[in-house]
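Chemist: I'd like to ask some things about the structure below.
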Amino acid sequence: MKRLLSDKLAILALSILVTVMIMGLFAPFFSLHDPLEQNIAFKFAGMSWEYPLGTDHLGRCIYSRLIFGIRNTVFLAMLTMVCTIGIGVVVGVISGYYKGVVDEMMMRFCDVMLSFPSQVMILAIVGVLGVGIENIILANIVIKWTWYARMIRGMVAGYNYKNYVLYAKTIGKSDRFIISRHLLPNIFSEIIILATLDMGWVIINISTLSFLGLGIQPPFPEWGAMLSEAKNVLMSNPSQMMAPGVAILVVVASFNILGDALRDMLDVKGVVK
Amino acid sequence: MILEVKNLCVSVRTKKGLHPLVSDVTFNLEKNHCLGILGESGSGKSLTCKAVMGLLDANFHLEGEVLFHGKNILTMFEKEKSLIRGKEICMVIQNPMTAFNPLFSMENQLLETLQTHLHVKNKKELLRLILEAFEKMNLHEGEAILKKYPHQLSGGMLQRMMIALCIALNPSVIIADEPTTAIDVVNQVEVIRELKKVRELYQTSMLFISHDLSILSQISDTMMVMHQGKIVESGRAQEIIFSPKEAPTKELISTRLKLIEAFQRCVKECSC
Amino acid sequence: MRNYVLKRLLFTLPMMLAISFIAFVIISFIPSDPAEVALRVNEIIPTHEAVASMRESLGLNDPFLVRYVNWLYDCLRLDFGSSYINHNRLVFDEILRSLPATLKLALFSFILVIVVSFPIGILSAVFKDSITDKVARVFMFLFTAIPNYWLGLILMWFFAIHFNLLPTSGATSFVHYILPAITLSMTYVSTYIRLIRNSMLENMQENYLFYARVRGISEVVIVLKHLFTNSLQSTMNALGMSFVQLIAGTFVIENIFAIPGIGRLCISAIFNRDYPIIQAYILMMGLLFVFCNLFIDIIQTYLDPKQRRSM
């Protein structure tokens, strides 16, 4: 932890992310307007005290939409990540700890899934289930969990032969005890690094699909969807695309910096994307 | 005098400033003479050679002089250095198995070297040179070998090809940096024999580095012992082997003797 | 050589079968009745009789495996059925019509990726920690964090609207592809600079490079011939994969720049619930993926002397 604190860039990234999360959690407190409130008279207004980032084509406060957009963009990406890792941990630990036929079958299944290009898989799933944010999240989980299952299986298999695990087995501790006391705490830090490095990818992915209109539906604020609306007025009001774009860039960059710093700090081998 | 090294100091640049690795090394190499450098690993033997070849990058700080035919290699421009390196001073390195690029055939890599240094552009002429050198190194069926890739050849073969490459270039000095360490005993004997033959045929001067006393005693005229980046003892090879004066030399020789004793004991026990 | 290629081709058959099966199964998961969808999109009121006759005509009443085999047989004859939206349009024709634009876009981007990332990667590895390297690293960092659709919008505004140098949309001539290709390639450019750079830095300690220096080979030859080729060998696999990813990833860019490609076709099919097109898209992309894999594998085996002899 000390080494992380000495890395100024990582501290900056971490504080940006913490600020963003707090703002997202207490969005009504930080925002100045209702993100859905339209005010046609004030459309395309410039920056002002009342509208810090101006207004969009329906006269909605861009700043407030950005703040509420955190919930849809960042938090939904985090939800996706939590679900993905949850499934990945269950499958990975079962595979890596118990080995045998189950392991073999699961890993072959993962191989097949991983050998398919992820974008096509997402489009396939969304295509079948239909347009909507819950389907996008589902699609992202479906294409991601196999990768995590593989990585986590690898980590667990590595700890399987550590002396303290062997000792715990010898003195007859239950599997549940070994997994919860020895394996999970050990792989936890590695999983966190993987997840941090991957968050940016998930955020971009979800916002891309919302941008195409496959995810969050208007009028609800989401950064990708906001950019989609900005695209329609690109000719007349190009500045509309700045705020949400910069927001995505900053958050994704912060996750990447933090992930890199964490990886360097813990010097985890094998965590290479 | 072909090569004169005067007060050579090598230090590596670290965050905490210069860290000395080799200090105050002085030696001379005359024509048709073989100087052996003895020392345990990490004593600075290889580093000294790299400095002599001008192969150390900007991370290292060099002091002193390395005079080749009276010209200081350390202050030369990269261009001048590359005229000497590989042509006038050739080196046979350890780990022959990884010394050649795995993606290109031996022919390609040997020709590439000759084309860099010799002003003969005729490929047939150069190939003839290589094949001649191969014959002298007891490498038969040269044309077949040339078509092969590094992974298809044994360590001993590759080591001899390196020596053959040296012969084809006809340098003034050959530096042999632990040429026998990474290969098996049968090939070690071969390689030593070939190197001796090179000296007989071409009267090339040689700088022979090893941690193996018995090998050095076979080939070198004079010897110097390095320990922790310094020369601790130097003189005629026979004298040093039979009457070592300094502690590190004694240590090296006695360890060697112990090893031989232990080996002989084992052999005896086995045969009983 | 020929035997090796044939053997590898034979091994791809099960994979192809698996993909066709996935493409078929996935469509049977759709929440709504395909017969009903087909009726609705043609603005026919889905009465019981209409649904029943539609089911009959779509062959939905047959057992699962029979339907799969029939479908596979049709696919082999390049008959993917007709679009739900417009019965007169065959899915195969639709795909054939939109494929060239996508392939062109992917190809331009691919060339751009190679032309830009290789030199920068080499330079930033050779001159590690120099200005070039630092600029390249900032560039890499920035472009992994920028969503490429935003980049597309910025480029479109700057070059096409503000300076009016390039067209904003369409795909009728080469200039139309410039902006989309740049947008599409940027993410990959940063990935490849990183790959090449890391791979070269890793290989830099190799003994054969040291020996090449000992032999007095010039530094340019050492970097380009000995270092780069070996690094390329290890990045080859990723490179092959990314061509397919470029093709699959065009859908965003095609939508921004209004290029009538296969990605755009698929997105509009998703909105219209035009399942035969989605199905054909999945099948085609899957097969493309398998073939690219195969192709790269063969090239890689051919280029590696250690493996060539076993061919």
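The values are calculated or read from the model by the stated rules, or taken from the named source; none is laboratory data. Values in this document were obtained by computation on a predicted structure and should not be read as measured data. Don't worry about glycine lacking a Cβ; one is built from the backbone with ideal geometry, like all the others, and counts go over all protein chains shown.
Chemist: When you look at A:ILE87, is it in contact with a strand residue (DSSP E or B) (Cβ under 7 Å, 6 or more places away or on another chain), aliphatic (A, V, I, L, M), buried (at least 16 other Cβ atoms within 10 Å of the Cβ) and in contact (Cβ under 8 Å) with a residue 60 or more places away in the chain, yes or no?
Modeler: no
Chemist: For region C:243-281, name all the residues that are facing another protein chain (nearest Cβ under 8 Å), over 21 Å from C:GLY59 (Cα atoms) and β-branched (Val, Ile, Thr).
Modeler: Answer for region C:243-281, where residues must be facing another protein chain (nearest Cβ under 8 Å), over 21 Å from C:GLY59 (Cα atoms) and β-branched (Val, Ile, Thr): C:VAL244, C:VAL252, C:ILE256, C:ILE267, C:ILE270.
Chemist: Would you pick out the residues in region C:170-191 that are in contact (Cβ under 8 Å) with a residue 24 or more places away in the chain, assigned to a helix (DSSP H, G or I) and over 23 Å from C:PHE139 (Cβ atoms)?
Modeler: Within region C:170-191, C:HIS176 is the sole residue that qualifies.
Chemist: If you don't mind, another one. Tally up the residues in region B:38-58 that are buried (at least 18 other Cβ atoms within 10 Å of the Cβ) and under 29 Å from C:SER218 (Cα atoms), please.
Modeler: Counting residues in region B:38-58 that are buried (at least 18 other Cβ atoms within 10 Å of the Cβ) and under 29 Å from C:SER218 (Cα atoms) gives 11.
Chemist: State whether the residues of region C:219-231 include one that is more than 21 Å from A:PHE116 (Cα to Cα), within 14 Å of chain B (Cβ to nearest Cβ) and not in a helix (DSSP H, G or I).
Modeler: no
Chemist: So which residues in region A:163-214 are over 18 Å from A:ASP260 (Cα atoms), surrounded by fewer than 20 Cβ atoms within 10 Å (Cβ to Cβ) and among the small types (Gly, Ala, Ser), if there are any at all?
Modeler: If the condition is that a residue be over 18 Å from A:ASP260 (Cα atoms), surrounded by fewer than 20 Cβ atoms within 10 Å (Cβ to Cβ) and among the small types (Gly, Ala, Ser), then A:ALA168, A:GLY172, A:SER174, A:SER180, A:GLY213 are the ones that fit.
Chemist: Considering region C:107-151 alone, what residues qualify as being more than 24 Å from C:TYR177 (Cβ to Cβ), outside any helix (DSSP H, G or I) and of a type outside the set (Lys, Arg)?
Modeler: Listed by number, the residues that qualify are C:PHE127, C:ASP129, C:SER130.
Chemist: Go over the candidates A:MET235, A:MET242 one by one and state the one that is surrounded by fewer than 23 Cβ atoms within 10 Å (Cβ to Cβ), among the aliphatic types (A, V, I, L, M) and facing another protein chain (nearest Cβ under 7 Å).
Modeler: Going through A:MET235, A:MET242 in turn, the sole match is A:MET235.
Chemist: Same structure again: If you take the residues in region C:288-298 that are under 23 Å from C:LEU99 (Cβ atoms) and not polar (S, T, N, Q), which one is nearest to the other protein chains (Cβ to nearest Cβ)?
Modeler: C:PHE289
Chemist: Can you pull out every residue in region C:1-35 that is more than 14 Å from chain A (Cβ to nearest Cβ) and closer than 25 Å to C:GLY81 by Cβ?
Modeler: Matches in region C:1-35: C:LEU13, C:ALA35.
Chemist: Which one of these is buried (at least 19 other Cβ atoms within 10 Å of the Cβ), closer than 15 Å to B:MET137 by Cα and in contact with a Cys (Cβ under 9 Å, 6 or more places away or on another chain): B:VAL191, B:VAL198?
Modeler: B:VAL198
Chemist: Applying the selection to region C:115-169, what residues are among the hydroxyl-bearing types (Ser, Thr, Tyr) and within 9 Å of chain A (Cβ to nearest Cβ)?
Modeler: Across region C:115-169, the qualifying residues are C:THR144, C:TYR149, C:THR168.
Chemist: For region B:69-97, enumerate the residues that are at the interface with another protein chain (Cβ under 8 Å from one of its Cβ atoms) and part of a loop (DSSP other than H, G, I, E, B).
Modeler: B:GLY86, B:LYS87, B:ILE93, B:ASN95
Chemist: Looking at the structure I just gave you, is B:SER243 surrounded by fewer than 22 Cβ atoms within 10 Å (Cβ to Cβ), at pLDDT 85 or above, more than 15 Å from the chain's Cα centre (by Cα) and over 17 Å from B:ASN32 (Cβ atoms)?
Modeler: Answer is no for this residue.
Chemist: Consider region A:1-57. How many of its residues are in contact (Cβ under 8 Å) with a residue 24 or more places away in the chain and part of a loop (DSSP other than H, G, I, E, B)?
Modeler: Looking only at that region, the number is 13.
Chemist: Taking the condition of being assigned to a helix (DSSP H, G or I), at the interface with chain C (Cβ under 9 Å from one of its Cβ atoms) and more than 22 Å from the chain's Cα centre (by Cα), how many residues in region B:98-126 meet it?
Modeler: 0
Conditions tested, residue by residue: (1) away from every other protein chain (no Cβ under 11 Å); (2) at pLDDT 85 or above.
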residue: A:ILE178; (1), (2): yes, yes
residue: A:ILE257; (1), (2): no, yes
residue: A:LEU262; (1), (2): yes, yes
residue: A:VAL268; (1), (2): yes, no
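Chemist: Of a type in the set (Val, Ile, Thr), surrounded by fewer than 24 Cβ atoms within 10 Å (Cβ to Cβ), at the interface with chain C (Cβ under 10 Å from one of its Cβ atoms) and not in a helix (DSSP H, G or I): does that describe A:VAL131?
Modeler: For A:VAL131, the condition - of a type in the set (Val, Ile, Thr), surrounded by fewer than 24 Cβ atoms within 10 Å (Cβ to Cβ), at the interface with chain C (Cβ under 10 Å from one of its Cβ atoms) and not in a helix (DSSP H, G or I) - is met.
Chemist: Here is a follow-up. Filtering region B:131-152 down to residues that are assigned to a helix (DSSP H, G or I), within 13 Å of another protein chain (Cβ to nearest Cβ) and touching a residue at least 24 places away in the same chain (Cβ under 8 Å), which residue is surrounded by the fewest Cβ atoms within 10 Å (Cβ to Cβ)?
Modeler: B:HIS151
Chemist: Also, quick follow-up: Restrict the check to region B:39-49 and report whether at least one residue is within 14 Å of another protein chain (Cβ to nearest Cβ), within 14 Å of the chain's Cα centre (by Cα) and closer than 23 Å to B:LEU114 by Cβ.
Modeler: yes
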